[in-house]
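Data first, discussion second: the structure below is written as structure tokens.
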Amino acid sequence: MTNRQRLLSRVGLALLLAAAIAWAAANRQHFDAGAVMRGIAELGAWAPLAFMGLYVAATVVFLPGSILGLAGGALFGPLWGAVYTLVAATAGATLAFLAARYVASDWVARKAGGRLKQLIEGVEAEGWRFVAFVRLVPLFPFNLLNYALGLTRIRLLDYVLASLVCMAPGTIAYTYLGYAGREALAGGEAMVRKGLIALGLLALAAFLPRLVRRLRAGRTIDVQLNR
């Protein structure tokens, strides 16, 4: 592929992504969890694939994944709902990462200077540890972060594995909450117990960022003292 063809393919991909994101933003108010669940439930054996495909697309075009996480738990239960959601979220995050890397990472590497270059180099030096930290501690919007990390030189394998592992706690909490909500609406047995479990998982997912911050702060202090 010539340089001209490579440039045209990158511009084409960038325009396609921009158009898809703009369409999703314009139709965001129509993204209804109830409608999604009804449509997917009618697909029978194809429902898991349809759900994961929709989740991947939603991640790429900046639609809220939390709604789909709840829907996954309600549709497929706490176990398979978490599995399908986590796999799809990781796949969507990886696609966004690769798209950003293909379209603009070389340009950013050439043009970045000053504090921006220092920031990028710091992120790259941390590697998988930085990915793990921002997955556990949501400093930036999830969908935007996928593209931003693609502009760095973080290894793809490190990005995928750290995302998969560190997105698991929040994914499990949201899918179980969706499952518990469906059981409550259906009048299932042990509603109180399932509701308490859901709240406990959410509390654990909310506490993890504080724990990670403390551990990271302690590590920073130890490094400074040992210098």
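Where a number appears in this text, it was derived from the coordinates with a stated rule and is not lab data. This one's a predicted model, so the numbers in the text were calculated from it and none came from an experiment. Cβ atoms come from the backbone with ideal geometry, glycine included; neighbour counts cover every protein chain shown.
Things worth noting here:
- Here each label is just a point 7 Å from Cα along the line to Cβ, and for Arg153 and Arg38 those points are 5.3 nm apart.
- Leu49-Ala184 FRET efficiency (beta carbon distance; Förster radius 25 Å; 0.05 resolution): 0.35
- Taking each residue as 0.36 nm, the span from Ala20 to Leu144 lengthens on full extension beyond its C-alpha to C-alpha distance by 43.2 nm.
- Subtracting the Cα-Cα distance of Phe31 and Ala125 from 0.36 nm times their residue separation leaves 30.0 nm of extension gain.
- Other residues within the sphere of radius under 14 Å centred on the Cβ of Ile154, judged by their own Cβ, net out at +1 (K and R +1, D and E -1).
- Peptides ranked, highest mean first, by Cβ atoms within 10 Å: ranges 97-103, 31-37, 84-90: 84-90, 97-103, 31-37
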